[in-house]
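Bear in mind these aren't lab numbers, they're just calculated from the coordinates by the rules spelled out. None of these values were measured; they are calculated from a predicted model. Ideal geometry is used to build each Cβ from the backbone, glycine not excepted, and the neighbour counts take in all protein chains shown.
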């Protein structure tokens, strides 16, 4: 395996989001002014609007790190912490190359019963301690990228994330380990008799709901700590460091200590979980609810069911094979798609008098650290949709039952939370509720006529349920560790989600008496209540094996059942609570200039190309705000037995991205002179400059992008005296231009390619400044995707054309037919028409020992044409055939290997035998 693949094998570590991301390369706008606080090993870099939160984190991080890292023997560290406030996603990660941690300060609408940044601090600092434990506090100069690669291939992601979740749970009174909904999918699958193999539980499935590596890791880590003590993580990583050069090193270290490798310890944990959850299920009194939606054979969610006046049920439906969208479910189970929607932080909408409001994320076209959360509105009667607000940071909109009043949560750049009232016609804020303590606000609701409001607040002390009635404000539930969410009015009561019984269910509270009763008794979890107009029937989400289903029950309040929650983590004693005595000091801060810190050398890394004929070392620099990348290196060209020296500079802070590269490289070429073939060897200086403008944005479920690029280069060749008289020794600033437009609709997990997309690209090259050379190249590429005959099938039709002359006469700059390089050409390439029909047909979730986990199998029937009208016609493709591919995880590593084979048949006029190709690629 090549080393550059090894380096890409490590994910950045994320605390909340279900999507994954690697090295973050996005930027903030130039208008953001940065400051810096240095305190006890932490360099906190933050926008000036976050001064208050930065001061709080400076106190918190330095105070809690010795406790967070204690069980790994880590008491001190040195790391930059970047606080990002321009986006609307709740997230965080730790990385090396360059070493830093990034906190996305936006609090979530669905997160834990504690302060968001506090939870993030514990989780991410545990990753810092892990990294320090594995790599050591000292090492060879500039080793970070090598260390990052080593962590990726030595330590499974489930252990790193599970250990961090265990830490956030045991050192606080909250944490995801105390949330039944967080481990609900795994509990459901076990109690339903599913026996997922180790790889499926770890890497996921395109068919079933699997636990995920966060949940899996937490449960295995908790089991390890229960049986081998809190020091087990330290023992495992210490043994890992002693013997790093082994196949499956973590599994071997685990076996040395526990006598079981990773797979067998997973199976042991599985049996312990089954025993504990079965006992819990026997203790609980539950009700089986009839599902109102059709059963599916793959994971499907029907979120937030609401009864419409015509007795249909409105939901957001999302599945492994479908993107999220509103559907109307008839009493007979027939589904009608109303519209598809864009990305949401969590599934959310509110209905009132024929109107539906919901929120979606919108990205900044250029600076991807900045995003917005906007409110959209849809009229069920007219079928018209509208984006009501623009460039806002508004969440969880709620409309009154009469459709006249609209409220939402606003979070500004200083992380100030406000409950605001919006104008239904313009989306402008017309009123706001004072929140001087800056409680984090979640999931608000209005009653039918908008005269009452209910919402959830979050502080470090827990969650509270509030009611505002006229000018009267009351706290109905105070500082609870319950996972309170989504209050909704019915009659003179409020229903809400909580887990009093140890399983998430729906409860009601009577505001005057504050008496709480249970409304559901789901076996696995009930959520998202809505009520019939007469107030006698409750509609809700009932969680089952394949996801969130729709259920209905008569309203029959019962007393709160006993709490039988199975807690697998370590108990939090008062003396263990990590935030008990955080100081409240004020630190001096200073301005932080990205330009002055643009050079940050972090790694000397091996490099290689695809055919391993070029290997070398690169000295790399990346600044902490992703604005500047610099490299310098040396590469050995084995075929020429010569070295190449190179350097590059990339500046990404401006609206256009600027790239400058230099190469001093050996070259070899054959040329004809006086009817004889001669060979020339030379060195050349190659300098290139490229400016590009990458723009992209989204609107509902549509994605758009544009790239404009212009570049030039200069080549100075150093020939021997003989070749210098025969060959051109300089190429002076040829110009290259590229414009690309792309539109596509959002894709589902099972989609191989977009169902509906259009991409058009234009390229042009010429030599306006070089009098000794002539020539030009024009290329046109187009890719059109269409829905296939069945779900997740896609037809691609790609037509491309090029016109070239002079110096560029032999350049091919358009896609070629499969097998092109193995077929003798009859003429220069002018155009191609590529037809591909791709579809998945098998989802085996097959584990082949420790060697491979096969996720899917898919096929591609292709028919490719070249130089239409001259060499081929639509009845005679140049090549055609079939391709079989599979996504799999090899050797239990996180990156996905795309492995396949292609059988290519060639048109008879070329007198070519069928061509067989083996395909291999990695992606994340």
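Details
- The separation of the range 890-924 from the range 59-131, counted between C-alpha centres, amounts to 42 Å.
- FRET E, pair residue 451, residue 25, Förster distance 51 Å, beta-carbon r, rounded to 0.05: 0.55
- Pairwise centroid distance, computed over Cα atoms, of the range 751-780 with the range 518-594, Å: 54
- For the range 153-213 versus the range 642-695, the gap between their alpha-carbon centres in whole angstrom: 48
- The shape of the range 11-142 comes out rounded: with a ≥ b ≥ c from the C-alpha gyration tensor, a/c is under 1.5.
- Protection proxy ranking for 915-924, 385-394, 654-663, 398-407, using the average of other Cβ atoms within 10 Å per residue and placing the highest first: 398-407, 385-394, 654-663, 915-924.
- Applying 0.36 nm per residue to the separation of residue 564 and residue 264 and subtracting their alpha-carbon distance, the gain on full extension is 105.2 nm.
- Fraction of the pair-distance distribution of the range 343-554 above 32 Å, Cα-Cα pairs, percent: 16
- Legend: Rg and Dmax of the chain, from Cα coordinates, 30.1, 104 Å.
- Anisotropy class of the range 429-583 from Cα gyration tensor, a/c 1.5 cut: oblate
- Relative packing of 48-58, 712-722, which averages over residues the other C-beta atoms within 10 Å, highest first: 48-58, 712-722
- Spin-label pair residue 615/residue 706, simplified geometry with 7 Å Cα→Cβ offset, distance in nm: 4.6
- The range 224-332: projected area of the alpha-carbon convex hull, averaged over directions, in nm²: 11.9
- Using alpha-carbon coordinates, inclination of helix 213-228 to the longest axis of the chain, degrees: 70
- Calculated FRET efficiency for the pair residue 533/residue 257, C-beta based, R₀ 56 Å, to 0.05: 0.35
- Computed per residue of the chain from DSSP H runs no shorter than four, each worth -39500 (n - 2.57), the mean residue ellipticity at 222 nm is -5000 deg cm²/dmol.
- Put simply, when 557-564, 645-652 are sorted by average Cβ atoms within 10 angstrom per residue, most first, you get 645-652, 557-564.
- Relative to the longest principal axis of the Cα atoms of the chain, helix 116-135 runs at roughly 50 degrees.
- C-alpha long axis of helix 232-242 to longest principal axis of the chain, angle in °: 10
- Calculated on C-alpha atoms, the gyration radius of the range 155-283 divided by its Kirkwood radius gives an Rg/Rh of 0.96.
- Pairwise FRET efficiency - residue 920 versus residue 290, Cβ, R0 = 56 Å, nearest 0.05: 0.70
- Each Cα pair under 8 Å and six or more residues apart adds its separation to the average, and for the range 438-537 the resulting relative contact order is 18 percent.
- Computed lengthening from residue 353 to residue 554, 0.36 nm per intervening residue step minus Cα-Cα distance: 70.0 nm
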